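First up is the structure itself, then whatever we jot down about it.
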Amino acid sequence: MTILILGGTTEATALARRLAETCPGMPALVSLAGRTSAPKPLALPIRIGGFGGIDGLGAFLAENRVAVVIDATHPFAAIMPFNAEAACRLAQVPLLALRRPPWTPVAGDTWIEAKDMADAAAALGAEPRRVFLTIGRQELGAFARAPQHHYLVRSIEPIGDVLPAPHVTRIEARGPFLVEDELALMRRERIDLVVSKNSGGAQTEAKLAAARGLGLAVVMVARPAKPDVATAETVDQALAWLAAHGLTPTERGV
Ligand SMILES: NC(=O)c1ccc[n+]([C@@H]2O[C@H](COP(=O)([O-])OP(=O)(O)OC[C@H]3O[C@@H](n4cnc5c(N)ncnc54)[C@H](OP(=O)(O)O)[C@@H]3O)[C@@H](O)[C@H]2O)c1
């Protein structure tokens with residue numbers, strides 16, 4: 001019986017490492033969508049690519065004798081969590097969502113809350129501004145409707161032509177980022193406004209401290225809806241949930 005981790009996040013990477021360390025030999029694998037051309041190495045075997053919707057995931061669960069699923073996809077993954085909920089419910093496989101808490105504003109922050117990317121693009125206003133887009137690659141197209149702004153786009157992968165606007169500067173980089181580097185970047189690029197997903201976590205939060213330090217507003221995009229499933233916020237909580245399902249080093253005698 002196998003533990004299936006739906007990955008693509010720091011938490012999935014950390015859970016894989018902890019499982020490999022504490023339960024050597026425990027059958028487990030991490031599934032990646034395949035969005036990143038050079039994913040970071042993982043401590044467990046990986047498989048890459050979509051399953052083919054709910055039915056495809058259901059077939060995968062049966063073929064691979066999956067005992068439990070941990071949905072450790074990104075807080076902004078909008079489809080996979082629902083597919084996992086449906087497939088696991090139909091197959092009667094226990095499912096845990098591992099989701100880091102969102103960021104909350106602290107003293108000195110100026111946040112403009114946006115419900116989605118279209119809302120964020122509208123929140124930039126009519127006057128041209130220099131905008132730091134730190135939302136990854138997939139949803140950049142929403143900002144094509146506000147071509148008056150100058151965009152500094154940072155993404156892990158090249159963005160290609162997903163943002164057809166006249167003033168776009170591209171940076172390819174992968175977190176974690178340091179506050180002093182974020183400050184230097186925002187100063188150098190004369191940024192007026194930052195756009196961020198409310199991803200939460202430590203990997204990319206330096207941009208928020210830098211914006212605070214420079215007195216810049218952050219357009220903060222809310223997370224998409226998620227299914228109502230058992231949820232852990234930390235890797236330790238996920239390991240405890242696995243233990244409650246009999247998947248521990250002790251119970252296996254490792
Ligand atoms: N969205 C973000 O902001 C973001 C940021 C960082 C990392 N990621 C990671 O990138 C991946 C894709 O994100 P997304 O926003 O495109 O997700 P999504 O909209 O929820 O998923 C779209 C489709 O991609 C496939 N998929 C997603 N996650 C998968 C996984 N872990 N293993 C296998 N197939 C997967 C599924 O295809 P099938 O229906 O064919 O199974 C799913 O229907 C996720 O693994 C996520 O953790 C996303």
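The values are calculated or read from the model by the stated rules, or taken from the named source; none is laboratory data. Computed from a predicted model, the values in this text were never measured in an experiment. Note that we place each Cβ from the backbone using ideal geometry, even for glycine, and neighbour counts take in every protein chain shown.
Descriptive notes on the structure:
- Matching option when the condition is on the phi > 0 side of the Ramachandran plot and not hydroxyl-bearing (S, T, Y), among G201, G175: G201
- Taken over segment 144-179, the criterion of being within 17 Å of S196 (Cα to Cα) and among the basic types (K, R) is satisfied by R154, R170, R174.
- For I79, the stated conditions hold: it is out of contact with any Ser or Thr (no Cβ under 8 Å at 6 or more places or on another chain), within 30 Å of N198 (Cα to Cα) and near the ligand (Cβ under 9 Å from one of its atoms).
- Positions within segment 43-60 being more than 12 Å from the ligand (Cβ to nearest atom) and of a type in the set (A, V, I, L, M, F, W, C), in sequence order: A43, L44
- Some residue of segment 48-65 being modelled with pLDDT of 95 or more and under 22 Å from E172 (Cα atoms): no
- Residue match in segment 189-205 (condition: without any contact (Cβ under 8 Å) to a residue 40 or more places away in the chain, out of contact with any His (no Cβ under 6 Å at 6 or more places or on another chain), under 20 Å from A222 (Cα atoms) and surrounded by 14 or more Cβ atoms within 10 Å (Cβ to Cβ)): no
- Meets criteria (crowded, with 18+ Cβ neighbours inside 10 Å, within 30 Å of M117 (Cβ to Cβ), in contact with a helix residue (DSSP H, G or I) (Cβ under 7 Å, 6 or more places away or on another chain) and not basic (K, R)) for L32: no
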